[in-house]
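Asker: My structure is below; once you've seen it, I'll send some questions.
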Amino acid sequence: MFIQQLNVAQQAALFCFSKQLIAADNNIDDRELFVLETIKAQCDTTTDFEATVQLSSLSALFIEPSQKAAFMFELIGVAYADEQIQESEQMLISQIAEILNIATSHLEEIKNWVQRQLILVNEAKQIMER
């Protein structure tokens with residue numbers, strides 16, 4: 001949803017960390033793979049999907065608050081692809097937020113928004129099935 005807010009290098013980082021996030025709980029769900037493919041489809045055609053991005057490089061890659069937030073909205077959405085955030089996924093999200101200097105309260109705001117969005121999407125699906 002917010003991928004267009006990211007430049008090509010940031011999109012590569014999103015894809016890289018999305019892969020790490022879905023593997024963090026040692027259980028890759030089909031819904032997670034679908035979200036990963038959706039991210040890939042929304043990225044710029046020049047995005048390097050094979051790039052390896054180090055956690056330590058994120059602070060230099062994400063300077064603007066809007067880009068940091070867009071990155072976190074997307075990552076948290078990936079974590080919720082299987083409808084729940086596992087502890088290992090939450091730990092990675094927290095590490096990334098800390099590196100990006102995102103306050104815990106701001107991270108919780110983003111997480112709460114993603115949860116509300118998922119509820120609305122599920123409601124929309126129910127309406128469409130009527």
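Asker: Go through the residues of the range 99-107 one by one and say whether even a single one is at pLDDT 95 or above, of a type in the set (Gly, Ala, Ser), more than 14 Å from the chain's Cα centre (by Cα) and open to solvent by less than 60 Å² (accessible area, probe 1.4 Å).
Answerer: Yes, that holds for at least one residue.
Asker: For VAL78, which of the numbered conditions (1) part of a helix (DSSP H, G or I); (2) more than 13 Å from the chain's Cα centre (by Cα) fails to hold?
Answerer: With respect to (1) part of a helix (DSSP H, G or I); (2) more than 13 Å from the chain's Cα centre (by Cα), VAL78 is out only on (2).
Asker: May I pose another question? Taking into account only those residues within the range 27-57 that are open to solvent by 80 Å² or more (accessible area, probe 1.4 Å), of a type in the set (Asp, Glu) and in a helix (DSSP H, G or I), which is modelled with the highest pLDDT?
Answerer: This residue is GLU37.
Asker: Looking only at residues in the range 108-130 that are among the acidic types (Asp, Glu) and at pLDDT 95 or above, which one is nearest to LEU55 (Cα to Cα)?
Answerer: Per the criteria, the residue is GLU108.
Asker: Kindly indicate the residue of the range 58-82 that is in contact (Cβ under 8 Å) with a residue 12 or more places away in the chain and surrounded by fewer than 18 Cβ atoms within 10 Å (Cβ to Cβ) and also farthest from GLU108 (Cα to Cα) among those meeting that condition.
Answerer: Among them, the one singled out is SER59.
Asker: Let me ask something else. Looking only at the range 3-43, filter to residues that are β-branched (Val, Ile, Thr) and more than 13 Å from the chain's Cα centre (by Cα); which one of those is nearest to SER88 (Cα to Cα)?
Answerer: By that ranking, first place goes to ILE28.
The values are calculated or read from the model by the stated rules, or taken from the named source; none is laboratory data. Quantities reported herein were computed from a predicted structural model and do not represent experimental measurements. Quick reminder, even Gly has a Cβ in these numbers, built from the backbone with ideal geometry, and neighbours come from all protein chains shown. Please note that ligands, DNA and RNA were not included when accessible areas were found on the heavy atoms of the full protein model with its side chains. Shrake-Rupley method; radii C 1.70, N 1.55, O 1.52, S 1.80 Å.
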